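The values are calculated or read from the model by the stated rules, or taken from the named source; none is laboratory data. Keep in mind the model is a prediction, meaning the values are calculated, not measured. Glycine also receives a Cβ, built like all others from the backbone with ideal geometry; neighbour counts cover every protein chain displayed. Surface accessibility is based on the protein's heavy atoms, side chains included, excluding ligands, DNA and RNA. Shrake-Rupley method; radii C 1.70, N 1.55, O 1.52, S 1.80 Å.
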Amino acid sequence: MSRVRQHITAGFTLMEVMVSVAILAVLTGTLLGLSVGMGDTAKMIDINVTCNDEARRAIIVISRELRQASLKSITGVPGSALLYQVAADNDNNGVALSTAMVPELSTVRKIGRAASGTSLLLTNGASQQVLATNLIADEDLNGNDKLDSGEDANMNGALDHGIWFSWVGNAIKVTVQTQSLTRRGLPVLATISE
């Protein structure tokens, strides 16, 4: 009887290993691309929500202030800063009327940009309240309230002010525009008007 030698081979050939590594690299790259894309989407949603919240909070405060304002005291419309006065009990008689029945008004209040240009402030005497941050820069370089050549800084085809007050009949329309940048430097804009 002759002995038959069995040759047992264990393991993988070089070709099998190379194919496996190539498949693994493709799968890893795909998963990495998906996770980065999902992270970018989540960040974009977060930025969008933040921008909208900033503008919405400012609109809520401005609306409340304007409902209290004396119509005859409002100046700066149309424009990016609003001056006004509200009824106030200056002589401490319990009502906002003097003993001669003349309306009593507060000191002049102002809603407009901070000196930095990116914050929206409500100034009431010596106190200041930040209403919104990250305002869009005012693109109206010549103040004519029209989109002229070279004024569309963010290339959206519209004239952006960041904050703008305009008359609509006997009411004031308030527009607040905020922005933030994505991780890739793309702007996310939010515009809320009331």
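Brief remarks follow.
- Counting protein heavy atoms only, the chain has 61 percent of its accessible area on carbon and sulfur, 1.4 angstrom probe.
- Annotation for LEU181 and ILE23: the two label points, set 7 Å from Cα along the Cα-Cβ direction, are 4.4 nm apart.
- Spatially close Lys pairs in the chain, defined by Cα atoms under 18 Å apart and a spacing of eight or more places or different chains, total 4.
- Computed accessible area, MET15, all protein chains, 1.4 angstrom probe, square angstrom: 130
- Per residue, region 71-171 exposes 57 Å² of accessible surface when a 1.4 Å probe is rolled over the protein heavy atoms with every protein chain present.
- Dipole size of the chain about its Cα centre, with +1 on Lys/Arg Cβ and -1 on Asp/Glu Cβ: approximately 860 debye, rounded to the nearest 20.
- Residue among ASN93, ALA132, PRO78 farthest towards the positive dipole end of region 61-151, charges placed on Cβ: ASN93
- Computed [θ] at 222 nm, helices only, for the chain once each DSSP H run of length n ≥ 4 contributes -39500 (n - 2.57): -10500 deg cm²/dmol
- Inter-label distance, nm, simple model (7 Å from Cα along the C-beta direction), ASP89/ALA10: 9.5
- Tensor-based shape of region 118-194 (alpha-carbon gyration tensor, a/c under 1.5 rounded, otherwise prolate or oblate): oblate
- Here r is the Cβ-Cβ distance between VAL168 and ASP46 and R0 is 41 Å; the resulting FRET efficiency, rounded to 0.05, is 0.80.
- Phi angles of region 115-124 translate, via the Karplus equation with coefficients 6.51, -1.76, 1.60 and θ = phi - 60°, into HN-Hα couplings of 4, 5, x, 9, 10, 9, 10, 10, 9, 10 Hz per residue; Gly and Pro are given as x.
- 0 to 90° range, to nearest 10: angle between helix 14-68 axis and the chain longest Cα axis: 10
- Simple rule: put +1 on each Lys or Arg Cβ and -1 on each Asp or Glu Cβ in the chain, find the dipole, and look at VAL188, ALA42, ASN142; the Cα lying farthest toward the positive end is ALA42.
- Cα coordinate range in region 45-181, projected on the principal axes (Å, largest first): 57, 33, 26
- Stretched out straight at 0.36 nm per residue, the stretch from ALA153 to LEU141 would grow longer than its current Cα-Cα span by 3.3 nm.
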